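Engineer: Structure in structure tokens, see below.
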Amino acid sequence: METHSELNKVELTTQKLTKRFGELQALDEVSIEIKNCITLIIGPNGGGKTTLINTVTGFLSADEGEVFFKKREITNLSPHEIFKRGIVRTFQTPKPLLKLTVIENLLIAEANYGESIIQSLGRSWLAKEEMLVKKAFSVLDFLGLEHMWNEFAMNLSGGQLRLLEIGRALMCQTKLIIMDEPIAGIAPDLSHAILKKFRKLSEMGISFLIVEHRLDIVLEYVDHIYVMAGGRIIAEGRSKDILENPEVIEVYLGAQS
């Protein structure tokens, strides 16, 4: 993983992205720009945040609008095709293979894992396997999970499972990680540790798009914020500007009343 020199390079954009569920307009011409940094989406429940990331990553189809990643259109591609282009989407509940060990979870996540029968008969497969194992241990060392390499995933804590998800993404040459509430239910100390890893990875060239409600913890780690309500983007900017925005304050107060 090498340091990225173009920290403000645009990675992903949406242009007037629209999604309807019957009479409900869940996304109303949403246009955002994700750069090589950590971008946060916030807003009240039902604002369209999860619908947006599901539509970007192919789990939902857009009714109108476009999605571009590295200047190539990916609108309504399948999740598998979007994954192959370097976008990984994680969910509120981590989904590792619980009956496999930590190292096995990393090894099977590698995008090109597996060879043809003929290739597997040669020494090239052994060399590749050794390379993957070294890469997996390097990732575990970075995440602070190296001591748990032979532990079954089912025995990990919630925070450790989040780190394992990030590890699986790193094995796949990921360029953009999209996460839905990555620190939900995780103790504050470990939440900060996880977000510090995100910060370091961002400096190394991996972009993040995060939906998160725990603003007291996450705000110090993000570069840019979008606020959604009613399926629209109602504000964007840095933390201080967002927290002082009258429309944002009104939306949050209204959601709590």
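Engineer: Can you match Cα extents along the principal axes in Å to one of these, [x] 62, 39, 37; [y] 47, 45, 35; [z] 56, 48, 27, based on a calculation from the structure here?
Structural biologist: Answer by label: [x].
Engineer: When you take every Cα atom in the stretch 1-108, what is the radius of gyration, and what is Dmax, the widest Cα pair distance, in Å?
Structural biologist: Taking only Cα atoms of the stretch 1-108, I get Rg and Dmax of 15.7, 47 Å.
Engineer: What is the spin-label model distance, in nm, from GLU151 to GLU247 if the labels are put 7 Å beyond Cα along the C-beta direction?
Structural biologist: Calculated label separation equals 4.6 nm.
Engineer: Further question: Quick one: net charge around ASP241, please, counting Lys, Arg +1 and Asp, Glu -1 for every other residue with C-beta under 14 Å from its C-beta.
Structural biologist: Details: positive: ARG238, LYS240; negative: ASP223, GLU236, GLU244, GLU247.
Taking every other residue near ASP241 into account, the sum is -2.
Engineer: Report the FRET efficiency, 1/(1 + (r/R0)^6), for LYS99 and GLU64, where r is their Cβ-Cβ distance and R0 is 41 Å, rounded to 0.05.
Structural biologist: Values: r = 43 Å, r/R0 = 1.04.
Given R0 = 41 Å and the Cβ-Cβ separation, E is 0.45.
Engineer: Sticking with this one: How much net charge surrounds GLY185 when only other residues with a Cβ under 11 Å from its Cβ are counted (Lys, Arg +1; Asp, Glu -1)?
Structural biologist: Numbers: positive: ARG162, ARG214; negative: GLU181.
It works out to a net charge of +1.
Engineer: Now for a different question. For the chain, what is the calculated [θ] at 222 nm in deg cm²/dmol (nearest 500), taking -39500 (n - 2.57) for each run of four or more DSSP H residues and dividing by its residue count?
Structural biologist: Calculated from helices alone, the mean residue ellipticity at 222 nm is -11000 deg cm²/dmol.
Engineer: Any idea how far the Cα center of the stretch 189-224 sits from the one of the stretch 36-78, in Å?
Structural biologist: 19 Å
Engineer: Need the full-extension length gain, PHE21 to LYS9, defined as separation in residues times 0.36 nm minus the C-alpha distance. One decimal, nm.
Structural biologist: On the way: separation 12, 0.36 × 12 = 4.32 nm, distance 3.36 nm.
Working it through step by step, the gained length comes to 1.0 nm.
Engineer: Who wins for biggest fluctuation among GLU236, GLU104, GLU129 in a Gaussian network model of the chain, springs between alpha carbons below 10 Å?
Structural biologist: Its mean-square fluctuation being the largest, the pick is GLU129.
Engineer: Mind scanning LYS95/LYS135; LYS19/LYS196; LYS196/LYS240; LYS128/LYS197; LYS175/LYS200; LYS134/LYS200 and naming the pairs with a C-alpha gap bigger than 24 Å?
Structural biologist: Details: LYS95/LYS135 21 Å; LYS19/LYS196 34 Å; LYS196/LYS240 20 Å; LYS128/LYS197 27 Å; LYS175/LYS200 14 Å; LYS134/LYS200 21 Å.
Going by Cα-Cα distance, LYS19/LYS196; LYS128/LYS197 fall outside the 24 Å limit.
Engineer: Using unit Cβ charges (K, R positive; D, E negative) and no other charged atoms, how large, in debye to the nearest 20, is the dipole of the chain about its Cα centre?
Structural biologist: Details: 29 positive and 34 negative charges, 131 e Å.
Its charge dipole is roughly 620 debye.
Engineer: Another question, if that's okay. Counting only residues 5 or more places away or on other chains, whose amide H sits under 5 Å from the amide H of LEU145 once H atoms are built in the peptide plane?
Structural biologist: Residues meeting the criterion, in which the H sits 1.01 Å from N, do not exist here.
Each value in this text was obtained by applying a stated rule to the coordinates, not by laboratory testing. All values derive from a computational prediction rather than experimental measurement. Methodologically, a virtual Cβ is constructed for each residue, glycine included, from the backbone with ideal geometry; neighbour enumeration extends over all protein chains shown.
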